[in-house]
Amino acid sequence: MQSKAQSVDDYIKEFDASEQVVLNQFRKAILDALPKGYEEAMHYGMISYQVPLSYYPKGYLNDKENPLPYIALAKQKHHYAFYSMAAYGSKDLFEKEKEKYEAKFGKLDHGASCIRFKSLKKIDFEIVKNLTKAMSMDEFIALYEKSQEK
């Protein structure tokens, strides 16, 4: 079920105490590494870190009401999902972080832009920080716009 929480704090409060601890650890790792200018919000029923419309008024997929998403975080039924649009757009960046993760923890469970952490023992906040700090807003916008030319 997709959350209808209006704030990040309300979203986190939807979960039990142990899950709140983990979500707050993710949030801290992201906020500590987040480049200047991105804003934290609830979007798509999850915690989102996005390019403000005031900075990039074109919006995501040219929707002037939909900010360009950079990072997202959600608690799913059986895992924590960390979404990185920078990793999706930059395969070299993702492969480098994936190699480091797999050397430490074994196979990384992931999709195109999503990393699924199913075991608390295998959450690596370094990969979260590294993918979060990977691109300034201008670098990310340039990567996004290049991807839209195709």
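The values are calculated or read from the model by the stated rules, or taken from the named source; none is laboratory data. Since this is a predicted model, take the numbers as computed values, not measurements. Glycine gets a Cβ as well: all are built from the backbone with ideal geometry, and neighbour counts include every protein chain shown. Areas reflect the complete protein model, heavy atoms only, side chains present, ligands, DNA and RNA absent. Shrake-Rupley method; radii C 1.70, N 1.55, O 1.52, S 1.80 Å.
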- Message: Of everything in the range 117-128, what is farther than 17 Å from Leu34 by Cα and either open to solvent by less than 70 Å² (accessible area, probe 1.4 Å) or of a type in the set (D, E, K, R) (or both)? Give them in sequence order.
- Response: Phe117, Lys118, Ser119, Lys121, Lys122, Ile123
- Query: What are the residues in the range 79-104 that are modelled with pLDDT of 95 or more and among the hydrophobic types (A, V, I, L, M, F, W, C), if any?
  - Reply: Ala81, Phe82, Ala103
- Item | Filtered residues of the range 115-130 (kept if farther than 17 Å from Tyr70 by Cα and of a type in the set (A, V, I, L, M)) | Leu120, Ile123
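Give the number of residues within the range 15-24 that are free of Cβ contacts under 8 Å to residues at least 40 places away in the same chain and farther than 18 Å from Val128 by Cα. Break it down stepwise before answering.
Here is the first cut: in the range 15-24, the ones free of Cβ contacts under 8 Å to residues at least 40 places away in the same chain are 16-18, 20-21, 24.
Remaining after also requiring farther than 18 Å from Val128 by Cα: 16-18.
Residues flagged as free of Cβ contacts under 8 Å to residues at least 40 places away in the same chain and farther than 18 Å from Val128 by Cα within the range 15-24 amount to 3.
This table checks each residue for (1) part of a strand (DSSP E or B); (2) open to solvent by 70 Å² or more (accessible area, probe 1.4 Å); (3) of a type in the set (A, V, I, L, M); (4) under 25 Å from Ser18 (Cβ atoms).
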{"site": "Gln50", "(1), (2), (3), (4)": "yes, no, no, no"}
{"site": "Lys58", "(1), (2), (3), (4)": "no, yes, no, no"}
{"site": "His78", "(1), (2), (3), (4)": "no, yes, no, yes"}
{"site": "Ala86", "(1), (2), (3), (4)": "no, no, yes, no"}
{"site": "Phe94", "(1), (2), (3), (4)": "no, no, no, no"}
{"site": "Glu102", "(1), (2), (3), (4)": "no, no, no, no"}
{"site": "Ile115", "(1), (2), (3), (4)": "yes, no, yes, yes"}
{"site": "Asn130", "(1), (2), (3), (4)": "no, no, no, no"}
{"site": "Asp138", "(1), (2), (3), (4)": "no, yes, no, no"}
- Report whether or not Tyr83 is touching a residue at least 60 places away in the same chain (Cβ under 8 Å) and touching a strand residue (DSSP E or B) at 6+ places or on another chain (Cβ under 7 Å). no
- Could you tell me whether Glu65 is open to solvent by 30 Å² or more (accessible area, probe 1.4 Å), over 16 Å from Gln2 (Cα atoms) and assigned to a loop (DSSP other than H, G, I, E, B)? yes
- The correct count of residues that are touching a helix residue (DSSP H, G or I) at 6+ places or on another chain (Cβ under 6 Å) and closer than 17 Å to Glu126 by Cβ in the range 17-48 is 4
